[in-house]
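Written out below as structure tokens is the structure these notes cover.
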Amino acid sequence: MGETITFWVLAVVSVAAALGLVFSRKAVYSALMLGVVMLSLAVLYAVQDAPFLAVVQIIVYTGAVMMLFLFVLMLVGVDSSDSLVETIKGQRFWAVVAGLGFAVLLAAGIGNAVIGAPTGLSGAVSADGGNVPALARLIFTRYVFAFEVTSALLITAALGAMVLAHRERSEPKPTQKDLSRARFLSGHPSPLPGPGTYARHNAIDMPALLPDGTVSELSVNRVIARHDVADGHLPDNPRLAQAIRKVAEGAVRTEQPKVVQAVAEAPEVPATAQEKPKAAQAAGTRADGPVEEEGK
Amino acid sequence: MTTHYLVLSALLFAIGGVGVLVRRNAIVVFMCVELMLNACNLAFVTFARQHGNLEGQIIAFFVMIVAAAEVVVGLAIIVTIFRTRRSASVDDANLLKY
Amino acid sequence: METAAEIVQHSGGVIGVSWLTIVLPLLGAAILLLGGRRTDRWGHLLGVAMSLASFVVAVLVFVELLGFGPDQRRRVVELYDFLPGGTIDVKMGLLLDPLSISFALLITGVGSLIHIYSIGYMAHDPNRRRFFAYLNLFIAAMLLLVLADNYLGLYVGWEGVGLASYLLIGFWQHKPSAAAAAKKAFIVNRVGDMGLALGIFVIFTTFGTVAFGPVMSGVPQASQGTLTLIGLALLLGACGKSAQLPLQSWLLDAMEGPTPVSALIHAATMVTAGVYLVVRSGPIYVGAPTAALVVTIVGVATLLAGAIIGTAKDDIKKALAGSTMSQIGYMMLAAGLGPVGYAFAIAHLIAHGFFKASMFLGAGSVMHAMNDEVDMRKFGGLASKMKITWITFGLGYLAIIGFPLLSGYWTKDGIIETAMEHNPILGWLAVIGAGITGFYMSRLFFMTFHGKPRWEKDVHPHESPAVMTWPLIILSIGSVFGGGFLIAGNRFMEFLAPAVGRPEEMPSFHPFSVTGLATLALVAVGVAYAWMRYGRAEVPAVAPRGSFLTVFARRDLYGDAINEALFMRPGQWLTRLAVYFDNRGVDGLVNGLAALIGGTSGRLRRVQTGFVRSYALSIFFGAALLVGAWFVVGNL
């Protein structure tokens, strides 16, 4: 009775989640729906005398595989949602026809089959004293070869993933000398001024005042300034407010120190467009905006 | 009861199949494939109990391993493709045709 | 009837080296052709020397042959194994008997005179050396044809003659008409050659050998049907080479070659080959009366056709060519009459060789004097300007029309008499042919040498050089006395008997038989009519349109038209049909199949859209279908 209730609850949940997986526009929702299906199935495994598999299902699938999925989703871009327009003519219709046909045929076949009461696994596992020892005996005796082969498969897969994801550097890594030179060439050998936190406000969105009393627009991060402008969260002092607005509009270019490559023959290469705006953090300055995707 | 589990398995498998066919985001397609694999696993586990035989669970175990490996390699491929094409749509990778 | 004498093996003596007659001219041709321009200066002399040397050898062989008794005069010289192997074992050898030596003497003798004449005639031709090379080749091939002791050797010579005639007729190959004439001669000859080849095949299957001796002795064992088949096949070959109906069309066009070539083809070689073949295969025709009858009919038809063609031609060489056709027709007629006629056929052939060579060379001499003009309507009155040519040509003319006691009189009269005894219809037709001969030869003679001069403006006729006139003189002596020497007292018949068999009774010569008188009368009428029309009267410079009959004759009795309508047109249709069938049927099937596959592939290839999801859809559908099929078949 308990199993029946569990089954019906989880069956409804898992089918609904599966449908959600297929039909949700955002990939992250799909991933979460998949997680729901997997957890439901884990419970169903547990109900059906497969505690080991239930645990493995949770650890490997919901834990590792789902993490991997989400990780890649984040990497590729969470906001990328599919357009709903089907580009291949008739694809959706025939897909639904095939899916329905497949499901109906299979269900009809299973429904027609005469299936007796389940034998149950208690007999099979009793000799080893439990599900896990029984599985272990099988894996390390009869299926040991397949098991070893899967280890090779996993290593190969890991290697393959590394090879696929790896990218060669197209230029040498900047040395400390390069970074130092870039910093002095940038016009700001010292770190950028900090926010005016200590002067009047206990917040990092306040511009600092320079010794001569002028407002330092370099002292505010542009992202923070934008949020301030968007939320109407500006200081009362019009000079400060004006400075924050200017930063938010991007009028003030916080100079990014350029890294000059350590080229022996050209010690005095001026900063040109060919230099990449990288290593800003190495120069000890705040990044202007989020760190851009590499290789852009 | 076995019948119910099997029908559930068939339903999940068909839904996963339809998902593979209609979705264009490669990652979602991948998820649907995983769904189909899980549906199979459910059938294996169900039959293991039906026949009182652990072999079904062993197979399900191996399916999980292979699925894990497959996900690793598949996602790496998706990342690689995304890096060069700025797109995760399976329809965009259609150069190999007539 | 007494059959031919046994063939005797021979070695040693001059007969043992009789192969020199063939090899010497062949060597000359090889030297001249391979030597190239280095031999230009003395090439013609070498050619003449080789031909003369061959003649000398032939004469020596002849003398040695005369040293044997009449029954010992058929001698075979084994040379080498021509085609050794299995059931075919052809030994190459030379058969020296009265028949072949007569031909050899004629070929080398007249051939040598033509060689000598050509020195003068071709003096200004830049390719004179090549001309002499071909002449030598011609002589060699013809000698092989008549001297070989088997049909296969004969066939080799036969084809050699065809090749040499092709090269010589087309010698001035820069003229399209000459090239076309050469091709025509070659192709028409091929038709005949096919007949000869078939005949040889049947001979081989019937007798198991191709050597003359065993074949002739085996004739009585063969069935008459087979013999008729062989006879007709050989006759087809003979018709091709001898320009007999229906394969006569090439002969008139062959006048495109230089005049000595015409003389050689008509007098000494080529056209005599057919007569030789029929006479040599005599026993076969004796065993197959039907084939022999066909031979006589062909002969009579050709002698009339040639004569009619000769009456209308204004081209001096073509008129002479018509007369050749006609005279060869006489020979064929005689050859078809059996052993009685063989001697007359060969005698007429030899006599004809003399007077026809004399006339052709004479015509060449006239042309030489008239700037290579061949239209007789532009001649006239040449008798006073070219005395030697006039006399020699006149003697040849008298000989051919059968002027009493000249060569043609003896030989042709013999043929007519024999034909009359054999079959009066054939005989009377031959008599009519003789009358027409009298007319057209007189026409030719009068138009050329008598009447008023109708020369073109800048023509200054003159006698030819000695190197050209001496051969004419020698030939005319032959044409005066040759026939009488051979026929009177059955001398030639006796000489030839060991080779061709002796007739039951030797024909006795009646100088004043009814037939002979009738012939003479008809010839006189012809000559008189020609004198009235062309000797005494004005000859128009442009040929009048003429009656239907004249046009008929002028157009070669529509021989070319018939050939075109019967063979060329259907052949073209057949070719077009085949091309159409090939284009539409065969190519259509192949191309259609390819297009079908290509088109289907072009459409099927669209299935490969590049969209993974399409492929996945088909896989999923397949899986669904499999489940369904399993459900239906296995009922799970």
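Table for the structure above
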item	result
Region C:142-160, residues that are touching a residue at least 60 places away in the same chain (Cβ under 8 Å) and open to solvent by 10 Å² or more (accessible area, probe 1.4 Å)	C:Leu144, C:Asp149, C:Leu152
Test for B:Ala39: is it within 7 Å of chain A (Cβ to nearest Cβ) and touching a helix residue (DSSP H, G or I) at 6+ places or on another chain (Cβ under 9 Å)	no
Condition check for C:Phe207: under 24 Å from C:Leu163 (Cα atoms), open to solvent by 10 Å² or more (accessible area, probe 1.4 Å) and of a type outside the set (Lys, Arg)	no
Candidate set from region B:47-65 (those that are of a type in the set (A, V, I, L, M) and either surrounded by 22 or more Cβ atoms within 10 Å (Cβ to Cβ) or facing chain A (nearest Cβ under 7 Å) (or both)); member that is nearest to A:Val149 (Cα to Cα)	B:Ile65
Scan of region C:1-52 for residues that are of a type in the set (Gly, Ala, Ser) and closer than 21 Å to C:Val161 by Cβ, ordered by number	C:Ser18, C:Gly28, C:Ala29, C:Ala30, C:Gly47, C:Ser51
Sole exception among (1) at the interface with another protein chain (Cβ under 8 Å from one of its Cβ atoms); (2) farther than 26 Å from B:Arg83 by Cβ for A:Leu68, by number	(2)
Sole residue being in contact with a Ser or Thr (Cβ under 8 Å, 6 or more places away or on another chain), modelled with pLDDT under 75, open to solvent by less than 100 Å² (accessible area, probe 1.4 Å) and not aliphatic (A, V, I, L, M), chosen from C:Gly535, C:Gly546	C:Gly535
Filtered residue count, region B:2-22, keeping only those that are over 12 Å from the mean Cα position of the chain (by Cα) and either more than 7 Å from chain A (Cβ to nearest Cβ) or touching a residue at least 40 places away in the same chain (Cβ under 8 Å) (or both)	4
Filter pass, C:Lys412 being assigned to a helix (DSSP H, G or I) and of a type in the set (Lys, Arg)	yes
Test result for B:Phe44, over 30 Å from A:Gly90 (Cβ atoms), more than 7 Å from chain A (Cβ to nearest Cβ), over 10 Å from the mean Cα position of the chain (by Cα) and open to solvent by 20 Å² or more (accessible area, probe 1.4 Å)	yes
Filtered residue count, region A:17-59, keeping only those that are free of Cβ contacts under 8 Å to residues at least 12 places away in the same chain, open to solvent by less than 60 Å² (accessible area, probe 1.4 Å) and out of contact with any Leu (no Cβ under 8 Å at 6 or more places or on another chain)	6
Any chance A:Thr119 is surrounded by 12 or more Cβ atoms within 10 Å (Cβ to Cβ), within 8 Å of another protein chain (Cβ to nearest Cβ), assigned to a helix (DSSP H, G or I) and polar (S, T, N, Q)	no
Conditions (1) within 14 Å of chain C (Cβ to nearest Cβ); (2) in a helix (DSSP H, G or I): number failed by B:Asn94	(2)
Wholly enclosed helices (runs of 4 or more DSSP H) of region C:517-613 bearing at least 2 residues within 14 Å of chain B (Cβ to nearest Cβ)	C:587-604
C:Tyr330 being of a type in the set (Phe, Trp, Tyr), farther than 22 Å from C:Ala553 by Cα and either touching a helix residue (DSSP H, G or I) at 6+ places or on another chain (Cβ under 6 Å) or in a helix (DSSP H, G or I) (or both)	no
Qualifying residue in region C:254-270 (condition: in a helix (DSSP H, G or I) and free of Cβ contacts under 8 Å to residues at least 12 places away in the same chain)	no
Count of region C:494-516 residues which are in a helix (DSSP H, G or I) and either at pLDDT 80 or above or more than 25 Å from the chain's Cα centre (by Cα) (or both)	7
Positions within region C:413-462 being modelled with pLDDT under 85 and of a type in the set (D, E, K, R), in sequence order	C:Asp413, C:Glu417, C:Glu421, C:Lys452, C:Arg454, C:Glu456, C:Lys457, C:Asp458
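Residues are listed down the side, and each one gets a yes or a no for (1) modelled with pLDDT under 85; (2) open to solvent by less than 10 Å² (accessible area, probe 1.4 Å); (3) under 23 Å from the mean Cα position of the chain (by Cα); (4) of a type outside the set (Lys, Arg):
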site: C:Ala49; (1), (2), (3), (4): no, no, no, yes
site: C:Leu60; (1), (2), (3), (4): no, no, no, yes
site: C:Gln72; (1), (2), (3), (4): yes, no, no, yes
site: C:Leu79; (1), (2), (3), (4): yes, no, no, yes
site: C:Ser100; (1), (2), (3), (4): no, yes, yes, yes
site: C:Phe103; (1), (2), (3), (4): no, yes, yes, yes
site: C:Pro126; (1), (2), (3), (4): yes, no, no, yes
site: C:Phe132; (1), (2), (3), (4): no, yes, yes, yes
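The rows are residues; the columns are (1) within 27 Å of B:Asp91 (Cα to Cα); (2) in contact with a Lys or Arg (Cβ under 6 Å, 6 or more places away or on another chain); (3) of a type outside the set (Ser, Thr, Tyr).
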| site | (1), (2), (3) |
| --- | --- |
| C:Glu564 | no, no, yes |
| C:Pro570 | no, no, yes |
| C:Leu574 | no, no, yes |
| C:Arg605 | yes, no, yes |
| C:Gln608 | yes, yes, yes |
| C:Leu617 | yes, no, yes |
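The values are calculated or read from the model by the stated rules, or taken from the named source; none is laboratory data. This is a predicted model, so every value here is computed, not measured. In this analysis, Cβ positions are derived from the backbone assuming ideal geometry, glycine residues included, and neighbour counts consider all displayed protein chains. Note: accessible area is taken over every heavy atom of the protein model, side chains too, but ligands, DNA and RNA are not part of it. Shrake-Rupley method; radii C 1.70, N 1.55, O 1.52, S 1.80 Å.
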